[in-house]
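Notes follow the structure.
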Amino acid sequence: MTALHIDEVRSRADADFPRVVDVLSRKIALKSVSAQGITGEHMRRSAEFVARELHKVGVDAHVVQSSNPDGTAGAYEVVGSKNADPNAPTVLLYAHHDVQPVPEPSVWDTDPFTATEVDGRLYGRGSCDDGGGIAIHCGALAVLGSDLRVNIKVFIEGEEEMGSPSFIPFIEAHRDEFDSDVIVVADSGNWSADIPSLTTSLRGNTSMDVTVRVLRHPVHSGQYGGAVLDANTLASMLVSSMYDGQGSLIVPGLVSGEPVGGLQRDLDEATVREDSSVVDSYVFAGIGSLASRLWTKPSVTVIGWDAQPVDTSFNVIADATRIRLSLRTAPGQRPEEAQRALGDFLLAHAPHGAEVTLTPLENGMGWAMNPDAEATKDALEAMKQAFGVEPINKGEGGSIPFIPELQRLFPKAQVLVTGPEDPKSNAHSPNESISLSGLRNNIVAEALLLDKLGC
Ligand code: BES
Ligand code: MN
């Protein structure tokens with residue numbers, strides 16, 4: 001049940017939509033790349049912008065700089081609240097205002113920091129991840145205005161893309177500002193721009209640096225090649241030892257899961273091929289449903305490799321190399337455990353007795369939704385009304401590691417993971433974009449959800 005009629009919600013959302021798009025466009029122009037320094041002026045300006053926009057929709061928002069566990073200055077966070085009725089439930093709205101870097105602007109079709117509308121999508125870095133989440137919350141609060149019947153708390157984070165290093169001390173120091181009955185994390189996405197979803201699970205994430213050394217110093221490749229394999233080749237052998245012939249990981253101790261709550265519909269291979277931009281001849285790795293491979297089974301990606309660039313290469317056998325591995329873990333596996341399993345495997349598979357040394361890096365836990373939570377039903381109903389079609393729940397292969405932390409600190413809170421993304425959004429990649437019809441329907445859905453939670 002809602003107090004407001006869907007037609008009223010939709011007409012308010014339509015009338016307000018140009019303003020929302022303008023806010024999102026100005027947000028994109030702020031270049032809030034957290035990898036360029038969480039404590040930078042650009043991050044403070046972005047946080048202040050978000051706080052001002054929240055003020056305009058009635059949220060008493062302010063910027064607070066967090067502290068890292070080691071006591072150094074942390075991210076610029078935006079916190080705020082809007083109270084309706086002390087007896088009504090409290091809903092915490094989450095999004096993040098930091099964005100991923102743009103290492104190569106030239107490969108974008110439009111300027112990454114100038115919001116540009118093309119064919120019903122708004123392009124720009126952070127248009128979706130997670131400027132879209134901020135736009136959804138601001139839009140929904142504007143739609144409800146003084147008809148709001150739940151108490152709202154808002155947290156817009158400034159360091160999500162950096163793994164939220166100061167998150168735990170921050171929530172511990174601001175417990176009252178987070179304590180809530182329902183938490184809406186708008187940092188994931190929908191099945192498609194037209195079909196809404198709750199996110200049922202997220203993978204965890206852990207990473208490590210692996211150094212492979214074969215020589216104490218580089219040597220002539222003609223003189224020793226044949227007996228001494230170069231460090232890059234040895235590292236490649238080490239990497240391939242993790243896979244069987246079908247491209248499935250064979251590392252013992254890495255847990256594989258299945259889609260949470262059962263698979264409503266498997267991903268369509270042709271669509272995933274198209275959306276991922278994979279070359280025509282490529283054969284997908286792994287076995288089982290495509291959804292399980294992308295959402296709930298582990299995966300390893302080599303995200304960095306220290307090697308001689310081709311243009312400056314010469315005939316020498318590399319003495320050592322270093323790679324960075326990013327491991328996505330099944331939603332329920334502790335990342336420390338997965339990290340240990342992978343590390344043990346790599347040490348045991350050192351090719352030709354090369355020296356392998358490991359430097360473990362950050363760990364982030366995965367998450368699985370509680371399908372029985374009351375708010376889940378309200379959210380699905382609101383999505384169905386807003387989009388006019390039955391929602392299809394989905395898992396996600398990406399990670400939002402603070403969710404299990406929030407759940408641990410506020411065990412009674414029901415967490416709903418929603419968001420602005422769809423498979424065409426290109427989050428973290430060139431030509432990131434948000435579907436404008438999807439954004440508008442997401443705003444209607446969140447307004448309806450908040451309205452239902454107040455009934
Ligand atoms: N919004 C993403 C998480 C996500 C990705 C949700 C894909 C749904 C689909 C989030 O901003 C993100 O990228 N998180 C990082 C976390 C990491 C820094 C620990 C990730 O997944 O790489
Ligand atoms: Mn995000």
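How far is helix 231-240 tilted off the main Cα axis of the chain, in degrees rounded to 10, range 0 to 90?
60 degrees
State whether the chain is rounded, prolate or oblate according to the following rule on the C-alpha gyration tensor (a ≥ b ≥ c being the square roots of its eigenvalues): a/c under 1.5 gives rounded; otherwise a/b larger than b/c gives prolate, and the remaining case gives oblate.
Values: a/c = 1.91, a/b = 1.80, b/c = 1.06.
The shape class here is prolate.
Using packing as a proxy for protection, rank 378-385, 41-48 so that the peptide with the highest average count of other Cβ atoms within 10 Å comes first. Don't jump to the answer; show the numbers that get you there.
Details: 378-385: 21.6, 41-48: 18.9.
Going by the mean number of other Cβ atoms within 10 Å, highest first, we get 378-385, 41-48.
His174 versus Asn68, label points 7 Å from Cα toward the beta carbon: distance in nm?
It is 1.9 nm.
Could you tell me which of Pro331, Ala382, Ala348 has its Cα farthest along the dipole of region 330-391 towards the positive end, charges placed at Cβ (Lys, Arg +1; Asp, Glu -1), taken about the Cα centre?
Ala348
Using mean Cβ contacts within 10 Å as the protection proxy, how do 106-114, 317-325, 129-137 order, highest first?
Numbers: 106-114: 14.7, 317-325: 19.7, 129-137: 29.0.
Descending mean neighbour count gives 129-137, 317-325, 106-114.
Output the peptides 195-204, 179-188, 402-411 sorted from most to least packed, where packing is the average of other Cβ atoms within 10 Å over each peptide's residues.
Packing order, densest peptide first, comes out as 195-204, 179-188, 402-411.
So, with +1 on the Cβ of K and R and -1 on the Cβ of D and E, and no other charges, what is the size of the charge dipole of region 71-157 about its Cα centre, to the nearest 20 debye?
Numbers: 5 positive and 12 negative charges, 89 e Å.
The dipole of region 71-157 has a size of about 420 debye.
Have a look at His217, Leu4, Ala47 and report the one farthest towards the positive end of the charge dipole of the chain, computed about the Cα centre with Cβ charges (Lys/Arg +1, Asp/Glu -1).
With unit charges placed on the Cβ atoms, the residue in question is His217.
Assuming a ≥ b ≥ c are the square roots of the Cα gyration tensor eigenvalues, decide whether region 137-231 counts as rounded (a/c under 1.5), prolate (otherwise, with a/b larger than b/c) or oblate.
Details: a/c = 4.69, a/b = 2.63, b/c = 1.78.
In terms of gyration-tensor shape, prolate.
Using the Cα centre of the chain as the reference point, and only Cβ charges (+1 on K/R, -1 on D/E), how large is the resulting charge dipole? Debye, rounded to the nearest 20. The partial results should precede the final answer.
Working: 36 positive and 62 negative charges, 72 e Å.
Once rounded to the nearest 20, the dipole reads 340 debye.
Round to a whole angstrom and tell me the spacing of the C-alpha centers of region 33-94 and region 126-202.
11 Å
Hey, what does the equivalent ellipsoid look like for region 160-216, semi-axes from the Cα gyration tensor as sqrt of 5 times each eigenvalue, largest first, whole Å?
Sorted largest first and rounded, they come to 34, 23, 8 Å.
Does region 83-213 come out rounded, prolate or oblate, given a ≥ b ≥ c as the square roots of the eigenvalues of its C-alpha gyration tensor, rounded meaning a/c under 1.5 and, failing that, prolate meaning a/b above b/c?
Oblate is the answer for region 83-213, as a/c is 1.5 or above yet b/c matches or exceeds a/b.
Would you mind calculating the relative contact order of the chain from Cα pairs under 8 angstrom and at least 6 residues apart, reporting the percent as a whole number? Write out the running numbers ahead of the final one.
Values: 1004 pairs, mean separation 116.9, N = 455.
Computed value for the chain: 26 percent relative contact order.
Could you point to the residue in Ile152, Val63, Leu141 farthest towards the positive end of the chain's charge dipole, with +1 and -1 charges on the Cβ of Lys/Arg and Asp/Glu respectively?
Val63
Taking 0.36 nm per residue of separation and subtracting the Cα-Cα distance, what length does fully extending Arg408 through Ser240 add? Please report the intermediate quantities before stating the final value.
Details: separation 168, 0.36 × 168 = 60.48 nm, distance 3.71 nm.
That pair, Arg408 and Ser240, stretches by 56.8 nm at full extension.
Could you tell me the calculated FRET efficiency between Leu215 and Ile250, based on Cβ-Cβ distance and R0 = 30 angstrom, to the nearest 0.05? Numbers along the way, then the final one.
Values: r = 29 Å, r/R0 = 0.97.
After rounding to 0.05, the efficiency reads 0.55.
At 222 nm, what value in deg cm²/dmol follows for the chain if DSSP H runs of at least 4 each add -39500 (n - 2.57) and the sum is divided by all its residues, to the nearest 500? Write down the numbers at each step before the final one.
Details: 13 runs with 146 residues, N = 455.
About -10000 deg cm²/dmol.
Enumerate the lysines that Lys424 could reach by cross-link, defined here as Cα to Cα under 24 Å, with residues fewer than 8 away along the same chain left out.
In chain and number order, the partners are Lys27, Lys31, Lys297, Lys384, Lys394.
In the neighborhood of Gln100, defined by Cβ-to-Cβ distances under 12 Å, what is the net charge if each Lys or Arg adds +1 and each Asp or Glu adds -1? Could the numbers behind the result be given before it?
On the way: positive: Lys31, Arg125; negative: Asp98, Asp129, Asp130, Glu160, Glu161, Glu432.
In short, -4.
With a cap of 13 neighbouring Cβ atoms within 10 Å, and only residues DSSP puts in a loop, list the chymotrypsin sites (Phe, Trp or Tyr not before Pro) found in region 278-367.
Numbers: sites: Tyr282, Phe284, Trp295, Trp305, Phe314, Phe345, Trp367; in loops: Tyr282, Phe284, Phe314.
Here the sparse-neighbourhood loop sites are Tyr282, Phe314.
Expressed in nm to one decimal, what extension gain is obtained for the pair Leu358 and Ser81 from 0.36 nm per residue of sequence separation less their Cα-Cα distance?
95.3 nm
How large is the charge dipole for region 308-454, taken about the Cα centre, if only the Cβ atoms of Lys, Arg (+1) and Asp, Glu (-1) carry charge, to the nearest 20 debye? Present the calculation step by step, with values, prior to reporting the outcome.
Details: 13 positive and 19 negative charges, 25 e Å.
The calculated dipole for region 308-454 is roughly 120 debye.
Grab the eigenvalues of the alpha-carbon gyration tensor for region 114-169, scale each by 5, take roots, and send me the semi-axes largest first in whole angstrom.
Values: eigenvalues 110, 101, 6 Å².
Semi-axis lengths for region 114-169 are 23, 22, 6 Å.
For helix 374-387, what angle does its Cα long axis make with the longest principal axis of the chain, in degrees from 0 to 90 and rounded to 10?
Helix 374-387 sits at roughly 80 degrees to that axis.
May I ask for the angle, rounded to the nearest 10°, between helix 335-348 and the longest principal axis of the chain, with both axes built from Cα atoms and the value confined to 0 to 90°?
Taking the Cα atoms of the chain, the angle to 335-348 is about 10 degrees.
From the phi angles alone, apply the Karplus equation (6.51, -1.76, 1.60; θ = phi - 60°) to region 440-447 and give each ³J(HN,Hα) in whole Hz, x where the residue is Gly or Pro.
3J(HN,Hα) across region 440-447, in whole Hz: 4, 5, 4, 5, 4, 5, 5, 4.
For Val302 and Ala227, compute 0.36 nm times the residue count separating them, minus their Cα-Cα distance, and round to one decimal in nm.
24.3 nm
Readers should treat all values here as calculations from the given coordinates under stated rules, not as data from a laboratory. Predicted model, so just to flag it, every value in this text is computed and none were measured. Quick reminder, even Gly has a Cβ in these numbers, built from the backbone with ideal geometry, and neighbours come from all protein chains shown.
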